[in-house]
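Quick notes on the structure that follows.
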Amino acid sequence: MAVVILHPTEELKLIKFQKELISNLFTEGRILLAARPLWIEIGSDSVPYNELTSLNIRSIDFGELEISDKEIYIPVIISTENEQIDSKLSLVSIYNNNTFSDSDRTIIRQKKQPVRQLKIFRLGNEKELSSVSKCITESKWCKLHYPTTTTK
């Protein structure tokens, strides 16, 4: 499967954000897990190494935090030359039977999401090694050039 691998700077911001969420949402008897690795799935197919950058990604934009009963995630929109791909970046999930309460949702909605756009990242192919581990078999660094706006 093709994935977007965050630049270490953005990854560190999101790891700190995960820790903050887990700290703020901790309650007795609830087990919260930080999602690892912080990869964004592009599709279900692997892409040949020489074609990774030919995906022609134009932008990678992060939406506002979303909350399901057992997961906190960020929706991600990947715009390519030909299509728009909707994906998500999972941050935190609940391991046991508890769900997020209304007060938890209020706390989560007050948090400012630390990353809005990716400019430098790696595109790679994920390979599942076992039920609990995966790796990247091949990857390429990409840098997006967003148009700058000038004020007069």
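The values are calculated or read from the model by the stated rules, or taken from the named source; none is laboratory data. What you see is a predicted model; the values in this text were computed from it and never measured. Glycine also receives a Cβ, built like all others from the backbone with ideal geometry; neighbour counts cover every protein chain displayed. Note: areas computed on protein heavy atoms with side chains; ligands, DNA, RNA excluded. Shrake-Rupley method; radii C 1.70, N 1.55, O 1.52, S 1.80 Å.
Has region 108-120 got any residue that is assigned to a strand (DSSP E or B) and either touching a residue at least 60 places away in the same chain (Cβ under 8 Å) or out of contact with any Pro (no Cβ under 6 Å at 6 or more places or on another chain) (or both)? Spell out how you get there, then give the answer.
First, the residues of region 108-120 that are assigned to a strand (DSSP E or B): 117, 120.
Cutting the leftovers down to either touching a residue at least 60 places away in the same chain (Cβ under 8 Å) or out of contact with any Pro (no Cβ under 6 Å at 6 or more places or on another chain) (or both) gives us 117, 120.
Within region 108-120, one or more residues are assigned to a strand (DSSP E or B) and either touching a residue at least 60 places away in the same chain (Cβ under 8 Å) or out of contact with any Pro (no Cβ under 6 Å at 6 or more places or on another chain) (or both).
Sort out which residues of region 23-36 are within 14 Å of the chain's Cα centre (by Cα) and open to solvent by less than 90 Å² (accessible area, probe 1.4 Å), and write them in order of number.
If we filter region 23-36 for residues that are within 14 Å of the chain's Cα centre (by Cα), which is where we start, we get 34-36.
Passing the criteria: ALA34, ALA35.
If you scan region 60-93, which residues turn out to be in contact with a helix residue (DSSP H, G or I) (Cβ under 9 Å, 6 or more places away or on another chain) and not charged (D, E, K, R)?
Of everything in region 60-93, those that are in contact with a helix residue (DSSP H, G or I) (Cβ under 9 Å, 6 or more places away or on another chain) and not charged (D, E, K, R) turn out to be LEU65, ILE67, ILE72, ILE74, ILE78, THR80, LEU89, LEU91, VAL92.
Quick check: anything in region 69-79 under 16 Å from LEU55 (Cβ atoms) and in contact with a Leu (Cβ under 6 Å, 6 or more places away or on another chain)? Steps first, answer last, please.
Restricting attention to region 69-79, the residues satisfying the condition of being under 16 Å from LEU55 (Cβ atoms) are 76-79.
From what's left, in contact with a Leu (Cβ under 6 Å, 6 or more places away or on another chain): 76.
Yes, that holds for at least one residue.
Looking only at region 85-108, which residues are of a type in the set (Lys, Arg) and more than 27 Å from ILE57 (Cβ to Cβ)? Step through it out loud before you land on a result.
The initial filter retains those residues of region 85-108 that are of a type in the set (Lys, Arg), namely 88, 105.
Within region 85-108, ARG105 is the sole residue that qualifies.
If we only count strands (runs of 3 or more DSSP E) wholly inside region 37-83, which ones have 1 or more residues that are among the charged types (D, E, K, R), open to solvent by 60 Å² or more (accessible area, probe 1.4 Å) and under 27 Å from ASN96 (Cβ atoms)?
39-41
Inside region 10-22, can you point out the residues that are open to solvent by less than 80 Å² (accessible area, probe 1.4 Å) and without any contact (Cβ under 8 Å) to a residue 40 or more places away in the chain?
GLU11, ILE15
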